[in-house]
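Quick note: the coordinates plus some simple rules give every number you see, no bench work behind them. In this text the structure is predicted, and so the values were computed from the model without any measurement. Here the Cβ is made from the backbone with ideal geometry for all residues, glycine too, and neighbour counts use every protein chain on show.
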Amino acid sequence: MGRNKLISVKNVKGGFWQFWDHPVVSKIWADYSAGITTVYYTNGSIRSLHAKCTGYNSQYGTPVSDDGSKLFVGAWEKTLGLTCYSIEQDSVIWQMKRPKIRQIFCFDDYLVALEAQGALYKINIQDGKTVARIDNGALEDQFCLSEHTVFVNSIGKEACVINTQTMQNVKKYPRSVLNPRGCISFILNRVELSGGRLMIYGFECIANDTQSGRLSMEPYTRIIDENASEGYV
């Protein structure tokens, strides 16, 4: 994957900006009302195409292939699913009609896309064919850790690290490690490798007053693996 990472998103009236750490793309503008997506390249060139984006995509981004030629858009609706667009030709190359597509990550010649409460897919970038899949009815989110690893979180179940080259589960983390306080509401916003340690960030629901039952959402930062590294794949 190298440099192909969504840095931030800025929502504005009528659309949203995406800012990327990418080999050839600097930012992307998605205009809801016009149905136009505009890709800004690091060399100063700009390309616009008719790609159907909504506010849903601002949560997960619409990645571009490493060579800057293809745009990938996921949707909650099965009729739209995951669509690959040719940026230069302003046309659809292929479409995979699966529902609830959330995070999409580009790796060399394949994608890894998550279907919420469904499956994790490895997809050929060129033709959209499924290379491999991991079925899991509790899938919630995925986070890219390194060039060939993703961290996959499941609702109420253990999380795991997947080697995207082999699509094998290489390490598991029980729910008790992610949520050691047993909070009734536990939100995972970010996962990253830092200095050989696996870190998670998010919010958890804490009881401020046990008598009144008053609850609050508080941020957390947690080390869930002191010896994690890219080497464990």
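Which strands (runs of 3 or more DSSP E) sit wholly inside the range 1-114 and have at least 1 residues that are in contact with a helix residue (DSSP H, G or I) (Cβ under 7 Å, 6 or more places away or on another chain)?
Details: elements: 5-12, 15-21, 25-31, 36-41, 46-49, 70-74, 82-86, 91-96, 101-107.
The strands (runs of 3 or more DSSP E) meeting that bar are 5-12, 15-21, 25-31, 70-74.
Would you check which residues across the range 28-47 are over 23 Å from Ile101 (Cα atoms) and not basic (Lys, Arg) and list them?
Those that are over 23 Å from Ile101 (Cα atoms) and not basic (Lys, Arg): Tyr40, Tyr41, Thr42, Asn43, Gly44, Ser45, Ile46.
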